[in-house]
Each structure stands twice: as C-alpha cells, then as structure tokens.
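In what follows, a structure is listed as structure tokens, so that the remarks can point back to it.
The values are calculated or read from the model by the stated rules, or taken from the named source; none is laboratory data. Bear in mind the structure is a predicted one, so any value in this text is a computation, not a measurement. For neighbour counting, all protein chains shown are included, and Cβ atoms are generated from backbone atoms with ideal geometry for every residue, glycine included.
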Amino acid sequence: MRVVLLSALCYCAAVFAQSSVVDSYVAKESPIAKAGLLANIGPSGAKSAGAKAGVVIASPSTTNPNYLYTWVRDSSLVFKAIIDLYARGEDSSLRGTIDNFVAAETTLQQVSNPSGSVSTGGLGEPKFNIDLTAFTGSWGRPQRDGPALRATAFIAYAQNLIANNNASWVTNHIWPALKLDLDYVQNNWNQTGFDLWEEVSSRSFFTTAAQHRALREGAALASKIGQTSVVSGYTIQADNALCFLQSYWNPTKGYITSNTGGGRSGIDANSALASIHTFDASAGCDAATFQPCSDKALSSLKVYVDSFRPIYAINNGIAANAAVATGRYPEDVYFNGNPWYLTTAAVAEQLYDALIVWKQQGSLTITATSLAFFKQFDSSIVAGTYASSTSQFTNLTTAIRNFADGFLAIHAKYTPLNGGLAEQFDKSSGTALSAVDLTWSYAAILTAFDARKGVVPPSWGAKGLTVPSVCQPNAGASVSVTFKVQATTQLGENIFLTGSLDVLQGWSPDNAIALSSANYPTWSVSVTLPANTNFEYKYIRKFNGAITWESDPNNSNTTPASGTYTINDSWR
Ligand code: NOJ
Ligand code: NOJ
C-alpha cells in the first residue's frame with residue numbers, strides 16, 4: 001500500500017513538474033512565436049524583405065534549403081491561425097495584414113504558372129516567388145490541398161465580417177476569389193496530386209479532408225450571402241469527398257493510410273494534421289470526419305507516434321507510453337529524416353482537442369478500435385463509456401493531458417534558447433536544423449498552445465454528417481482526347497501512355513494505357529479527361545518486360561472546355 005501511494009505521489013509530482021515546465025514554455029514561447037510569424041509576412045516583416053504585402057515566406061532560409069518562396073499551404077494555415085486569433089478579439093491590429101493576405105492571394109490566383117492558368121488548373125500550383133510571380137522550376141505539382149486550405153482561411157474571415165455586419169465586403173471583396181478556389185475543389189477534388197510533403201503523387205488523406213471541409217463550409221457561407229446557385233454543387237461533392245475519405249482507414253492495421261500511392265506504410269503526420277485542421281467540437285468524437293477524439297484518429301495517432309520510438313536516437317530510453325519526438329513519416333529521408341517541430345506540436349494539439357470534447361460532453365467512449373490507445377494509460381481499461389463522474393474518466397483524462405504536455409515538453413527541450421523555431425531538430429543530437437524560422441512551425445505551436453488553454457475553434461459544419469452508402473465519382477465536365485504518336489517499333493514492342501492525371505494512371509508505368517497500332521506507325525488511343533485541365537504525360541515503350549520512357553521534359557497540354565480534342569506527337 002505504501003509503495004502504491006508513494007509511486008502515485010511520485011507520478012503526481014512528475015506530472016506537476018512537467019506541467020509547470022510547459023506552463024513556462026507557453027509563457028515564454030507565445031510572444032516569440034507570434035513575432036516570428038509576423039516577421040515572415042510582407043511588406044514590413046523583419047525577416048521577409050522583398051515579400052509583397054500579405055505574402056507569407058515559408059522561411060527566410062535561402063540555402064540548404066531555399067525556402068524563400070511562398071507556399072499556398074503554409075500561407076493559408078498560417079493565416080487561418082491569424083484570422084482565428086483576430087476573430088477572438090485578441091489583436092485587432094491584425095486586420096490590415098489579413099486584408100493584405102486576401103489581396104495577395106487574389107492576385108496569385110490569376111498568375112499563370114506551370115500548373116496552368118486560373119481556369120486550367122493553375123490554382124493547384126503549390127509555390128510562388130515572393131514578389132507574386134510564378135515559380136517555373138520543376139516541382140511536385142499540382143498540390144490540391146492549397147485551394148481548399150485557402151478557402152477555409154477566407155471563409156473564417158468572411159464569417160467574422162458577416163458577424164460584424166460587413167456582409168457586403170464579403171460579397172464584393174472575398175467571394176469572387178473564394179468562389180474560384182471552391183469551384184476548383186468541387187471540380188478537381190478526386191484528381192490525384194502531390195501530397196502535403198510534395199513527394200507522392202496520388203490521393204492523400206490530408207488533402208481530401210481539407211477539400212471536404214472547404215466544400216462543406218463553402219456551401220454554408222454561399223447560402224448565407226445569397227450565392228445560392230453553387231450550394232447544391234458544393235454539397236454534392238462534399239458528400240462524395242466525405243465518402244471517399246472513409247477509404248483511407250485501414251481496419252486491419254488500425255490506422256489512416258495517408259496516401260493511396262507512394263509505396264510507404266502510410267503512417268504519417270498527415271493524419272494528425274488532418275484531424276486538427278478539421279477539428280469541430282460540435283461534431284463530438286465523430287469518426288466520419290476523423291475528429292481528434294474519434295476512435296480511428298486516436299488509434300492512428302498511437303501507431304504514428306510509436307513508429308518514431310525506435311528510429312530517433314533522442315527517443316531512446318523513453319517509456320513506451322510517454323511522449324516522444326515525431327516527424328513527417330517513419331520512412332522520411334529529407335535531411336536524413338528527423339523530428340519536426342510542427343508535427344510534434346500537432347500530436348499535442350490533437351490530444352488537447354480530444355480533451356476539450358470529452359470535457360464538453362462529460363464522458364469518453366472507448367471502442368475496440370481505440371482500446372490500444374487508452375490501454376497505454378490504464379492497462380486494465382475495457383471498452384465502454386465512462387462518465388466524467390467516474391474515476392476512469394478522471395484518471396484517463398489526467399494521464400492524457402500529461403501525455404499531451406509531454407510532446408510540448410519535448411518541443412521545449414529541443415527549442416533553442418532564443419525560442420526560434422526551425423523546421424526540424426536532429427534525431428540524434430536534438431539540434432535545430434533545416435529551414436530556420438519556419439513560419440508554419442510558429443503557427444503550429446501557437447495553435448497547440450491555444451488548444452491546451454481550451455480554445456475551441458469555430459465550427460465548420462462537421463456535426464451530424466451522414467456518409468453516403470455508395471461513393472459517386474465526380475461528374476465534372478470532360479473532354480474526349482485522342483493521343484496520336486508517331487513511333488517506329490520492333491515486332492513485339494508496344495507503346496503506352498501515362499501522365500499526371502488519375503485517368504492517365506498517375507505516372508504509373510505498370511498501369512499505363514495501351515495505344516493501338518491500327519494506323520502504324522501512328523499509335524493512338526482516346527481517353528476521357530477532365531475539361532479545362534492542364535496535364536503532363538509521356539509515352540513509354542514496353543518490350544520483353546523492359547520499359548523505356550520518352551526523354552525529358554514531360555509533354556504538357558491543356559484540355560478545352562468541351563468537345564473532342566486531338567494531340568499529335570512524335571516519339572522523343
Ligand atoms: C522539398 C520539399 O518541400 C520537401 O517536402 C521534400 O521532402 C524535399 N523537397 C525532397 O523531395
Ligand atoms: C517542405 C514541406 O514538406 C512542405 O509541406 C512545405 O510546404 C514546404 N517545406 C515549405 O515550408
């Protein structure tokens with residue numbers, strides 16, 4: 001008995017010590033993170049000289065890596081955090097910066113770039129120069145989370161303006177640009193594209209989740225401001241995206257498989273980031289939208305966190321149920337594969353979000369799916385619903401808060417004394433590395449701190465959604481495209497086509513589309529492609545099991561708005 005009591009006391013003291021470490025970190029780091037974030041926004045940010053007004057630089061780092069560009073994803077996530085803070089009345093001086101952001105992004109949408117023009121897929125371009133011109137180097141493009149995340153940021157601002165009797169500003173200054181992004185999401189959500197880490201071209205959980213959210217809240221905003229013609233189109237595709245979203249869940253392995261391609265385990269911060277960026281406390285622990293406290297999201301979180309225990313030396317010796325440093329995904333080799341500040345913060349944030357909901361609903365439910373997650377904190381716990389009056393509820397929520405604080409304590413431990421947040425910290429030494437002053441790192445720690453304080457972000461309509469029983473493909477406008485290529489071949493050798501679109505088999509040589517040699521030496525095939533879409537492709541030869549690609553660069557073309565279209569090529 002004495003031993004038990006003593007160990008309980010020690011545990012309690014350790015929890016107390018850790019929570020005060022985190023309290024001090026919050027107090028010290030909050031103003032540093034806010035200042036760090038504002039320093040990276042043009043035109044007057046201290047570290048973003050040359051950035052146009054409202055432009056967020058990813059980081060001031062110009063070499064190894066050069067991040068002095070503006071990414072639509074980073075900028076939108078950063079501004080969503082700024083807009084929420086503004087809307088809570090915490091800093092009215094941010095209004096001008098937010099208006100600059102809206103204006104800068106409205107300009108960017110119209111900049112023709114390697115993904116296309118505003119009407120042919122250009123909205124999927126991931127990054128631009130900080131003077132708002134196109135970045136034309138090779139890159140993983142398109143990335144289809146950008147327009148959705150930007151729409152979510154614009155909608156947050158629009159809702160605040162409407163609540164403050166400024167609906168006409170929304171209609172005149174925000175809606176036109178917002179509608180472009182929402183239309184893009186509506187028409188393209190089910191096309192493949194590069195994931196948030198810019199590496200895998202397939203479908204990606206984070207991207208689908210962001211798209212679903214944008215369409216859902218876009219439809220609600222549109223009806224609020226009388227733009228009724230778009231509402232049913234957005235809602236239909238929101239339902240379709242929600243339906244597709246379910247398919248990422250791997251019931252046998254108990255986690256969300258982040259990408260449909262790429263050949264990795266699929267264990268990825270992608271899923272925790274999706275949960276926190278689509279958190280809606282009014283939806284409770286609904287698994288349809290993978291809410292932070294849903295059984296699926298918690299199970300996934302455990303698998304994700306555990307994957308970093310054996311691979312980072314700085315995690316050695318940490319108890320199997322205690323917080324560790326986490327990275328993008330276990331197979332990562334970027335800078336040798338290290339923990340990231342923003343992913344470690346995201347784990348904490350997901351847990352704090354879960355605690356907000358359990359407290360709000362006065363109970364927590366453990367299912368067979370989430371049992372392993374909860375057993376980390378009480379090995380004798382069984383599936384069931386525990387009311388807040390029970391000791392299980394108190395013990396579990398106390399332990400989970402301590403677990404969440406643990407991730408912030410690690411974040412604090414590896415943050416340099418000056419509070420600057422880079423992109424990564426070394427998996428062996430813990431020293432900060434890669435891009436310094438990463439704007440997204442600052443935004444990520446601020447939102448994690450807010451969640452710890454119990455700040456509830458605005459609802460976006462995730463409550464009570466029904467997943468359609470049959471998933472429909474997106475029936476957007478399409479065009480029949482005939483590809484003709486002149487190619488001389490030897491007997492038994494055949495020509496195939498593959499490219500950047502889903503229907504072009506997403507660059508898969510194995511699944512490439514066979515062409516007919518009926519009009520040899522012209523090989524041809526007709527394929528139905530989405531209208532108004534910029535795409536890249538190559539022909540490949542297959543002979544005796546060997547594959548030969550056309551030489552670089554990729555071919556590119558753009559489908560028209562309607563009708564039929566023929567492309568004449570010769571093998572390169
Ligand atoms: C730069 C991308 O931003 C990063 O996510 C990626 O890991 C590296 N390129 C390597 O592909
Ligand atoms: C690399 C990250 O993988 C990507 O998500 C991010 O957009 C860029 N760096 C810029 O921060």
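I'm told S441 meets every condition in (1) of a type outside the set (V, I, T); (2) crowded, with 18+ Cβ neighbours inside 10 Å; (3) more than 20 Å from the chain's Cα centre (by Cα) except one. Can you identify the failing condition by its number?
Answer for S441: the failing condition is (3).
Suppose we filter A372, A368 for residues that are assigned by TED's automatic domain parsing to the domain that holds Y11, farther than 28 Å from G317 by Cα, of a type in the set (A, V, I, L, M) and surrounded by fewer than 19 Cβ atoms within 10 Å (Cβ to Cβ); which single one remains?
Values: A372 fails: farther than 28 Å from G317 by Cα.
Just a single option satisfies the conditions, and that option is A368.
Could you figure out which of (1) without any contact (Cβ under 8 Å) to a residue 12 or more places away in the chain; (2) within 16 Å of ligand 1 (Cβ to nearest atom); (3) in contact with a Lys or Arg (Cβ under 9 Å, 6 or more places away or on another chain) isn't true of S258?
(1)
So which pairs qualify, if the first residue must be in region 365-389 and at pLDDT 95 or above, the second must be exposed (fewer than 14 other Cβ atoms within 10 Å of the Cβ) and not in a loop (DSSP other than H, G, I, E, B), the Cβ gap must be under 7 Å, and the two must be at least 6 apart or on different chains?
T365/T385; I366/G384
Considering (1) away from ligand 2 (no atom under 16 Å from the Cβ); (2) of a type outside the set (G, A, S); (3) closer than 20 Å to A444 by Cβ, say which one C285 fails and leave the rest.
Going through the list (1) away from ligand 2 (no atom under 16 Å from the Cβ); (2) of a type outside the set (G, A, S); (3) closer than 20 Å to A444 by Cβ, C285 breaks only (3).
How do the pairs read when you match residues in region 500-527 that are free of Cβ contacts under 8 Å to residues at least 12 places away in the same chain and under 15 Å from T482 (Cα atoms) with residues anywhere that are hydrophobic (A, V, I, L, M, F, W, C) and assigned to a strand (DSSP E or B), using Cβ under 9 Å and keeping only pairs 6 or more apart or on different chains?
Going by the 9 Å Cβ cut-off, the qualifying pairs are S516/W523; S516/V525.
Pick from region 423-438 the residues that are farther than 18 Å from F308 by Cβ and of a type in the set (A, V, I, L, M): which of them is surrounded by the most Cβ atoms within 10 Å (Cβ to Cβ)?
Across region 423-438, the extreme among qualifying residues is L438.
Take the residues of region 390-405 that are surrounded by fewer than 23 Cβ atoms within 10 Å (Cβ to Cβ) and in contact (Cβ under 8 Å) with a residue 40 or more places away in the chain: which is nearest to ligand 1 (Cβ to nearest atom)? Steps first, please.
So in region 390-405, the residues surrounded by fewer than 23 Cβ atoms within 10 Å (Cβ to Cβ) come out as 390-403.
From the residues that got through so far, the ones that are in contact (Cβ under 8 Å) with a residue 40 or more places away in the chain too are 397-398, 400-403.
Working: T397: 35, T398: 37, I400: 31, R401: 32, N402: 32, F403: 28 Å.
Filtering region 390-405 for residues that are surrounded by fewer than 23 Cβ atoms within 10 Å (Cβ to Cβ) and in contact (Cβ under 8 Å) with a residue 40 or more places away in the chain, the one nearest to ligand 1 (Cβ to nearest atom) comes out as F403.
Looking at (1) within 16 Å of ligand 2 (Cβ to nearest atom); (2) in a loop (DSSP other than H, G, I, E, B); (3) closer than 22 Å to V230 by Cβ; (4) among the aliphatic types (A, V, I, L, M), which one does I130 not meet, given that it meets all the others?
Evaluating I130 over (1) within 16 Å of ligand 2 (Cβ to nearest atom); (2) in a loop (DSSP other than H, G, I, E, B); (3) closer than 22 Å to V230 by Cβ; (4) among the aliphatic types (A, V, I, L, M) leaves (3) as the failure.
Restricting attention to region 231-265, which residues are surrounded by fewer than 23 Cβ atoms within 10 Å (Cβ to Cβ) and touching a strand residue (DSSP E or B) at 6+ places or on another chain (Cβ under 9 Å)?
Answer for region 231-265, where residues must be surrounded by fewer than 23 Cβ atoms within 10 Å (Cβ to Cβ) and touching a strand residue (DSSP E or B) at 6+ places or on another chain (Cβ under 9 Å): W249, N250, T257, T260, G261, G262, S265.
Let's see how each residue does on (1) more than 28 Å from Q237 (Cα to Cα); (2) aromatic (F, W, Y); (3) more than 16 Å from ligand 1 (Cβ to nearest atom):
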site: L94; (1), (2), (3): yes, no, yes
site: F101; (1), (2), (3): no, yes, yes
site: G116; (1), (2), (3): no, no, yes
site: N129; (1), (2), (3): yes, no, no
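Identify all residues within region 439-475 that are within 16 Å of ligand 1 (Cβ to nearest atom) and more than 22 Å from A404 (Cβ to Cβ); write none if there are none. Give the steps one after another, and end with the answer.
Pass one, region 439-475, residues within 16 Å of ligand 1 (Cβ to nearest atom): 439-441, 444.
The one that is within 16 Å of ligand 1 (Cβ to nearest atom) and more than 22 Å from A404 (Cβ to Cβ): T439.
Show the residue pairs that are 6+ apart or on different chains and have beta-carbon atoms under 7 Å apart, the first residue being within region 93-113 and aromatic (F, W, Y), the second being at pLDDT 95 or above and crowded, with 18+ Cβ neighbours inside 10 Å.
Close Cβ pairs satisfying both conditions: F101/G54; F101/F79.
Does any residue of region 65-85 turn out to be away from ligand 2 (no atom under 16 Å from the Cβ) and either at pLDDT below 95 or surrounded by fewer than 21 Cβ atoms within 10 Å (Cβ to Cβ) (or both)? Lay out the reasoning, then the answer.
Here is the first cut: in region 65-85, the ones away from ligand 2 (no atom under 16 Å from the Cβ) are 82-85.
With either at pLDDT below 95 or surrounded by fewer than 21 Cβ atoms within 10 Å (Cβ to Cβ) (or both) added as a condition, the list becomes 84-85.
Looking for residues that are away from ligand 2 (no atom under 16 Å from the Cβ) and either at pLDDT below 95 or surrounded by fewer than 21 Cβ atoms within 10 Å (Cβ to Cβ) (or both), one finds at least one in region 65-85, hence yes.
Listed residues V118, V185; which is part of a loop (DSSP other than H, G, I, E, B) and in contact with a helix residue (DSSP H, G or I) (Cβ under 6 Å, 6 or more places away or on another chain)? Let's see the steps before the verdict.
On the way: V185 fails: part of a loop (DSSP other than H, G, I, E, B).
None of the other options fit; the residue is V118.
From K52, K80, K28, which residue is basic (K, R) and not in a helix (DSSP H, G or I)?
Working: K80 fails: not in a helix (DSSP H, G or I); K28 fails: not in a helix (DSSP H, G or I).
Criteria check complete, one pass: K52.
Only helices (runs of 4 or more DSSP H) wholly contained in region 199-318 count here; list those with 1 or more residues that are under 20 Å from R73 (Cα atoms).
Working: elements: 205-224, 231-245, 269-277, 295-306.
Ranges flagged: 205-224, 231-245, 269-277.
When you scan region 65-77, how many residues do you find that are outside any helix (DSSP H, G or I) and either touching a residue at least 12 places away in the same chain (Cβ under 8 Å) or of a type in the set (A, V, I, L, M, F, W, C) (or both)?
First, the residues of region 65-77 that are outside any helix (DSSP H, G or I): 65-71.
Right, trim to either touching a residue at least 12 places away in the same chain (Cβ under 8 Å) or of a type in the set (A, V, I, L, M, F, W, C) (or both) and you get 65, 67-71.
Here the count works out to 6.
Pairs please, first residue from region 320-342 and under 14 Å from A422 (Cα atoms) and assigned to a loop (DSSP other than H, G, I, E, B), second anywhere and away from ligand 1 (no atom under 14 Å from the Cβ) and not small (G, A, S), Cβ atoms under 6 Å, 6+ apart in sequence or on different chains.
Once the first residue is under 14 Å from A422 (Cα atoms) and assigned to a loop (DSSP other than H, G, I, E, B) and sits in region 320-342, its partners that are away from ligand 1 (no atom under 14 Å from the Cβ) and not small (G, A, S) give N338/D426; N338/K427.
Checking A412 against (1) within 16 Å of ligand 1 (Cβ to nearest atom); (2) assigned to a helix (DSSP H, G or I); (3) surrounded by fewer than 22 Cβ atoms within 10 Å (Cβ to Cβ): exactly one of these is not met. Which one?
Of (1) within 16 Å of ligand 1 (Cβ to nearest atom); (2) assigned to a helix (DSSP H, G or I); (3) surrounded by fewer than 22 Cβ atoms within 10 Å (Cβ to Cβ), only one is false for A412: (1).
I'm trying to understand the selection: among the residues of region 434-470, which are more than 16 Å from ligand 2 (Cβ to nearest atom) and on the phi > 0 side of the Ramachandran plot?
The answer is G454, G461, G464.
Which of (1) within 14 Å of ligand 1 (Cβ to nearest atom); (2) over 19 Å from R216 (Cα atoms); (3) touching a helix residue (DSSP H, G or I) at 6+ places or on another chain (Cβ under 8 Å) is the odd one out, the single condition W139 does not satisfy?
If we test W139 against (1) within 14 Å of ligand 1 (Cβ to nearest atom); (2) over 19 Å from R216 (Cα atoms); (3) touching a helix residue (DSSP H, G or I) at 6+ places or on another chain (Cβ under 8 Å), just (3) comes out false.
So how many residues does region 177-200 have that are away from ligand 2 (no atom under 16 Å from the Cβ) and in contact (Cβ under 8 Å) with a residue 60 or more places away in the chain? Outline the logic, then answer.
Within region 177-200, the first condition is being away from ligand 2 (no atom under 16 Å from the Cβ), and the residues that meet it are 177-192.
After this cut, where a residue has to be in contact (Cβ under 8 Å) with a residue 60 or more places away in the chain as well, the list is 177, 180-181, 184, 186-192.
Selection size over region 177-200: 11.
In this structure, is T152 in a helix (DSSP H, G or I), away from ligand 1 (no atom under 16 Å from the Cβ) and more than 23 Å from the chain's Cα centre (by Cα)? Let's see the steps before the verdict.
On the way: in a helix (DSSP H, G or I): yes; away from ligand 1 (no atom under 16 Å from the Cβ): yes; more than 23 Å from the chain's Cα centre (by Cα): no.
Considered against the rule, which asks whether it is in a helix (DSSP H, G or I), away from ligand 1 (no atom under 16 Å from the Cβ) and more than 23 Å from the chain's Cα centre (by Cα), T152 comes out as no.
I'm trying to understand the selection: among the residues of region 86-97, which are under 25 Å from the mean Cα position of the chain (by Cα), part of a helix (DSSP H, G or I) and surrounded by fewer than 20 Cβ atoms within 10 Å (Cβ to Cβ)? Steps first, please.
As a first pass, look at region 86-97 and keep what is under 25 Å from the mean Cα position of the chain (by Cα): 86-88, 94, 97.
Pick out the ones that are also part of a helix (DSSP H, G or I) and you get 86-87, 94, 97.
Within region 86-97, A87, L94 qualify.
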